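Novice: Below: one structure in structure tokens.
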Amino acid sequence: MNDFLAERRELVGALEEKRFFDRIMYEHAQFMRAGVDPTEEAAFREADRFAVVIRELWERVMATPATASDEKIEALIRENLRVITPFQEFEADAAAAIAACRLLAITPADLVRHLAVETVFFLGILKRVEGLPTPFRSELELPNGNKRALLYPRLSFVDHRNMLGTLAFEYGMFWTQRHMEHAAVLALFFRPGIQEEYTRLMLRYEKKFQEVLDLGKMVFARDGVIDTRGEDRDHHPLTPAIVNWINEVIAVTKEFRDVMAAIVRQQVSCTIPSGQANFWPLLGDHIRREADYLIDAMHRILAATGQPPRSDHFPHPRPYETDWRDR
Ligand SMILES: [Fe+2]
Ligand SMILES: [Fe+2]
């Protein structure tokens, strides 16, 4: 393996992750801003301050091409760590405050905690690329919690072929659990009596994702990826059972992704029964993009086994937050 190419791929990989996640982080701040009780001025202003700063950072990331110098990309990663680290603390504090009834909000405490955990995942990728200690698995709510996560960016999967089992575990299990939570929280948000069909549909997906999660626990335990012994045992290539599990994740997530896309279309055209739902269309679109992210990560793990390393090119995501109105 050419180390120079691998190092460069890791940096460009971090830039690619930032393109996806800085938008996600910006939206987390928007959700928090829109979710607190109108009397919670301080929390509203703090969430709004984060939204403005992260939005600005995201725009700079989007304007930075994959051909930018190492120094330029590294500076953006450091700035991202500086901005997003306190934002993660804000999310975690707000979740605890809502749960303890110290902060009044309509967003469930569990949803805000969910946002905070996703932020740990993103920060973990940046820390990996910066050579800083990555989060413990427990911080990502993964089994075998006292082990640190790998969290290589997706573009670097090809450089760690002997660890694809561990990467499938981290990306696959983490995001399957997040989608289980998405389905559970959306089941609370559809209108009682009017949209009960959607509520039932979401409860079905919650169950499906739970089943995939349980199957994953079994597969990864049997193939040694969930290992309570030793610290340095990340060398787990893909096994046929893990490949089957990945295909299961892709199948369920694709279905869920299409359901979310259809719901958002109904929300933005006000054709959903009663015209609206009790959650923002942006939340539906955000979840749909997080489903695309999981599908993409799983495809890249499968692709990393055989194909030659990709070039530094990656496709542009759709750039702006209003794009869901056009579809
Ligand atoms: Fe999110
Ligand atoms: Fe999420």
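The values are calculated or read from the model by the stated rules, or taken from the named source; none is laboratory data. Every value quoted in this text rests on a predicted model; they were computed, and no experiment measured them. Here Cβ is always computed from backbone atoms with ideal geometry, including for glycine, and neighbour counts include all displayed protein chains.
Novice: Which ones in segment 260-284 are part of a helix (DSSP H, G or I) and touching a Lys or Arg at 6+ places or on another chain (Cβ under 9 Å)?
Specialist: Within segment 260-284, MET260, ALA261, ILE263, VAL264, ARG265, VAL268, PRO281 qualify.
Novice: Consider ASP258 against the criteria (1) buried (at least 20 other Cβ atoms within 10 Å of the Cβ); (2) more than 29 Å from GLY224 (Cα to Cα); (3) at pLDDT 95 or above: it satisfies all of them except one. Which criterion is unmet?
Specialist: (1)
Novice: Looking at (1) under 20 Å from PHE122 (Cβ atoms); (2) surrounded by fewer than 17 Cβ atoms within 10 Å (Cβ to Cβ), which one does ASP3 not meet, given that it meets all the others?
Specialist: (1)
Novice: Residue check, ALA95 against (1) modelled with pLDDT of 95 or more; (2) in contact with a Phe, Trp or Tyr (Cβ under 7 Å, 6 or more places away or on another chain); (3) not charged (D, E, K, R), all met but one. Which one?
Specialist: (2)
Novice: So which of PRO86, PRO65 ends up being in the same structural domain as GLU46 (by TED's automatic domain parsing), assigned to a helix (DSSP H, G or I) and over 27 Å from PHE220 (Cα atoms)?
Specialist: Being in the same structural domain as GLU46 (by TED's automatic domain parsing), assigned to a helix (DSSP H, G or I) and over 27 Å from PHE220 (Cα atoms) holds for just one of PRO86, PRO65, which is PRO86.
Novice: Follow-up question, since we're still on this one. Give me a count of the residues in segment 20-54 that are closer than 24 Å to VAL185 by Cβ, among the aliphatic types (A, V, I, L, M) and assigned to a helix (DSSP H, G or I).
Specialist: Of the residues in segment 20-54, 9 are closer than 24 Å to VAL185 by Cβ, among the aliphatic types (A, V, I, L, M) and assigned to a helix (DSSP H, G or I).
Novice: Follow-up question, since we're still on this one. Working carefully through the options GLU71, GLU17, find the one that is part of a helix (DSSP H, G or I) and in contact with a Lys or Arg (Cβ under 9 Å, 6 or more places away or on another chain).
Specialist: Going through GLU71, GLU17 in turn, just one is part of a helix (DSSP H, G or I) and in contact with a Lys or Arg (Cβ under 9 Å, 6 or more places away or on another chain): GLU17.
Novice: OK, next. Would you confirm whether any residue within segment 214-225 is of a type in the set (Asp, Glu), crowded, with 19+ Cβ neighbours inside 10 Å and more than 16 Å from ligand 2 (Cβ to nearest atom)?
Specialist: Yes: one or more hits.
Novice: Tell me whether segment 226-242 contains one or more residues that are under 23 Å from the mean Cα position of the chain (by Cα) and without any contact (Cβ under 8 Å) to a residue 40 or more places away in the chain.
Specialist: No, because not a single residue in segment 226-242 is under 23 Å from the mean Cα position of the chain (by Cα) and without any contact (Cβ under 8 Å) to a residue 40 or more places away in the chain.
Novice: May I ask you to verify whether ALA94 is crowded, with 20+ Cβ neighbours inside 10 Å and either outside any helix (DSSP H, G or I) or in contact with a helix residue (DSSP H, G or I) (Cβ under 6 Å, 6 or more places away or on another chain) (or both)?
Specialist: Values: crowded, with 20+ Cβ neighbours inside 10 Å: yes; either outside any helix (DSSP H, G or I) or in contact with a helix residue (DSSP H, G or I) (Cβ under 6 Å, 6 or more places away or on another chain) (or both): yes.
Considered against the rule, which asks whether it is crowded, with 20+ Cβ neighbours inside 10 Å and either outside any helix (DSSP H, G or I) or in contact with a helix residue (DSSP H, G or I) (Cβ under 6 Å, 6 or more places away or on another chain) (or both), ALA94 comes out as yes.
Novice: What is the one condition in (1) at pLDDT 95 or above; (2) touching a His at 6+ places or on another chain (Cβ under 7 Å) that PHE136 does not satisfy?
Specialist: Single failed check for PHE136: (2).
Novice: Just checking, which of ARG55, ARG33, ARG78, ARG23 is within 24 Å of GLU139 (Cα to Cα), of a type in the set (Lys, Arg) and within 16 Å of ligand 1 (Cβ to nearest atom)?
Specialist: Going through ARG55, ARG33, ARG78, ARG23 in turn, the sole match is ARG23.
Novice: Have a look at GLY145, GLY165, GLY193 and point out the one that is surrounded by 22 or more Cβ atoms within 10 Å (Cβ to Cβ) and away from ligand 2 (no atom under 14 Å from the Cβ). Give the steps one after another, and end with the answer.
Specialist: Values: GLY145 fails: surrounded by 22 or more Cβ atoms within 10 Å (Cβ to Cβ); GLY193 fails: surrounded by 22 or more Cβ atoms within 10 Å (Cβ to Cβ).
Exactly one of GLY145, GLY165, GLY193 is surrounded by 22 or more Cβ atoms within 10 Å (Cβ to Cβ) and away from ligand 2 (no atom under 14 Å from the Cβ), namely GLY165.
Novice: Would segment 260-271 turn up any residue that is within 16 Å of ligand 1 (Cβ to nearest atom), assigned by TED's automatic domain parsing to the domain that holds LEU203 and under 28 Å from MET163 (Cα atoms)?
Specialist: Kept after step one, since they are within 16 Å of ligand 1 (Cβ to nearest atom), are these residues of segment 260-271: 260, 264.
If we keep only those that are assigned by TED's automatic domain parsing to the domain that holds LEU203 too, we end up with 260, 264.
Among the residues that remain, those that are also under 28 Å from MET163 (Cα atoms) are: none.
Checking segment 260-271: not a single residue is within 16 Å of ligand 1 (Cβ to nearest atom), assigned by TED's automatic domain parsing to the domain that holds LEU203 and under 28 Å from MET163 (Cα atoms).
Novice: Quick check on this structure: which one of THR107, THR64 is out of contact with any His (no Cβ under 9 Å at 6 or more places or on another chain), farther than 30 Å from ARG300 by Cβ and among the polar types (S, T, N, Q)?
Specialist: Among THR107, THR64, only THR107 is out of contact with any His (no Cβ under 9 Å at 6 or more places or on another chain), farther than 30 Å from ARG300 by Cβ and among the polar types (S, T, N, Q).
Novice: Let me ask something else. Out of the helices (runs of 4 or more DSSP H) lying entirely within segment 148-249, which hold 2 or more residues that are within 16 Å of ligand 1 (Cβ to nearest atom)?
Specialist: By residue number, 174-189.
Novice: Let me ask something else. Does any residue of segment 107-130 turn out to be more than 16 Å from ligand 2 (Cβ to nearest atom), among the aliphatic types (A, V, I, L, M) and without any contact (Cβ under 8 Å) to a residue 40 or more places away in the chain?
Specialist: For segment 107-130, residues more than 16 Å from ligand 2 (Cβ to nearest atom), among the aliphatic types (A, V, I, L, M) and without any contact (Cβ under 8 Å) to a residue 40 or more places away in the chain: absent.
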